[in-house]
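Reviewing the structure listed below.
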Amino acid sequence: MLEHPDIAAVSFVGSTPIAEYIYSTGTANGKRVQALGGAKNHMIVLPDADIDMAADAAVSAGYGSAGERCMAISVVVAVGDAGDKLVDAISARLPKLKVGPGTDPDAEMGPLITREHRDKVASYVAGAPGEGATVVVDGRENDLPEDGFFLAPSLIDNVRPGMKAYDEEIFGPVLSITRVDTYEEAVTLVNDHQYGNGTAIFTRDGGAARQFQFDIQVGMVGINVPIPVPVAYYSFGGWKASLFGDANMYGPAGIDFYTRTKTVTSRWPDPATSSVDLGFPQTR
């Protein structure tokens, strides 16, 4: 497909290594390419935020779809004294989440896609203490259905850059808490990460929220919105290693990608007025 002469354009969403390969190979063969890669979405919570609102948002955005979505919140960046409050509020909500098969009308979170992926996600929880983090809620310890690749929500505190749970895209029901002292530290943390798909800030301070929009180097930004997926008439796409090239999906960018411009210049003059003119064509 990437080399076939009859294929004009390729659209891809997946892991960063594959997205990069598809982009470089496709463009080298003269094709238009949309190539969206991985993500590590951060949610910053300032000390003035509504903690209950932020905790509800973190749980919903972190564990919805079992964390298997590119816009899932993976890291909650707690600023100042928001840390302990957030950890308590989030951990108090997790026992109430019912994990089970989709055939159970009461189930809120289903299984992961494969056994191998479930075990990989669980390994981030298992390895966290050895790197200096604290497992607050261990989803491996829940009473889970045996028939299926289930893993309950996990919460890891004191996660820092350099740890696997922070650096890598987990794509599962594991939420990390990273603590910083200031807004500036939080922004630097997000901007320094290799991925730049989506991010959010929770605050009551309109000035901080407005400044955040300019400071942050991420493609999609939420203000008190945990999953900043734009409505369809805006375009979807990240920055840095979350997007290769500049072709976002849907919205105006999506229309541009699937449209090839053709410009037609025509004229129907009176033959009696025709003459040689070496200048540019004119409408007269």
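Just so it is clear, none of the values below were taken in a lab; they were calculated from the coordinates. Given the structure is predicted, the values throughout are model-derived calculations rather than measurements. Note that we place each Cβ from the backbone using ideal geometry, even for glycine, and neighbour counts take in every protein chain shown.
Applying 1/(1 + (r/R0)^6) with R0 = 51 Å to the Cβ-Cβ distance of ASP56 and THR259 gives a FRET efficiency near 0.80.
Taking the charge dipole of the stretch 41-223 about its Cα centre, with +1 at Lys and Arg Cβ atoms and -1 at Asp and Glu Cβ atoms, the residue from GLY110, ALA49, PHE202 reaching farthest to the positive side is GLY110.
Shown is the FRET efficiency for THR114 and LYS164, computed with R0 = 25 Å from the Cβ-Cβ distance and rounded to the nearest 0.05: 0.80. The distance between label points at ALA8 and GLN217 comes to 3.6 nm (points 7 Å beyond Cα on the Cα→Cβ vector).
Applying the Karplus relation 6.51 cos²θ - 1.76 cosθ + 1.60 with θ = phi - 60° to the stretch 133-142 yields 3J(HN,Hα) values of 8, 10, 7, 7, 10, 9, x, 6, 8, 6 Hz, where x marks Gly and Pro.
Checking every one of the chymotrypsin sites (Phe, Trp or Tyr not before Pro) in the stretch 1-106 against DSSP loop status and a limit of 16 other Cβ atoms within 10 Å picks out no site at all. Close amide H partners of SER11, meaning residues 5 or more places away or on another chain with modelled amide H under 5 Å apart, are GLN34.
Taking Cβ atoms as reference points and 9 Å as the exclusive limit, the residues near GLY38 contribute a net charge of -1, counting Lys and Arg as +1 and Asp and Glu as -1.
What you get for the chain, charging only the Cβ of Lys and Arg (+1) and of Asp and Glu (-1), is a dipole of about 1100 debye around the Cα centre. Partner lysines whose Cα lies under 30 Å from the Cα of LYS98, excluding those fewer than 8 positions away in the same chain, are identified as LYS40, LYS85, LYS120, LYS164.
The order of the peptides 130-143, 164-177, 230-243 by mean Cβ neighbours within 10 Å, most packed first, is 164-177, 230-243, 130-143.
Converting phi to 3J(HN,Hα) with the Karplus coefficients 6.51, -1.76 and 1.60 and the offset θ = phi - 60°, the stretch 155-169 yields 10, 10, 9, 6, 8, 10, x, x, 7, 4, 5, 8, 6, 9, 6 Hz in sequence order, with x at every glycine or proline. What the Cα atoms of the stretch 117-167 give is an Rg and a Dmax of 11.4, 36 Å. Straight-line cross-link reach from LYS31 at under 24 Å between alpha-carbon atoms covers these lysines, not counting any fewer than eight positions away in the same chain: LYS240, LYS262. Would any residue of the stretch 201-218 have its amide N under 17 Å from a label point 7 Å out along Cα→Cβ of ASN191? List them or say none. Only 201, 208-218 fall inside the zone, counting backbone N under 17 Å.
Between helix 51-63 and the chain there is an angle of about 70 degrees, using the helix long axis and the longest principal axis of the Cα atoms.
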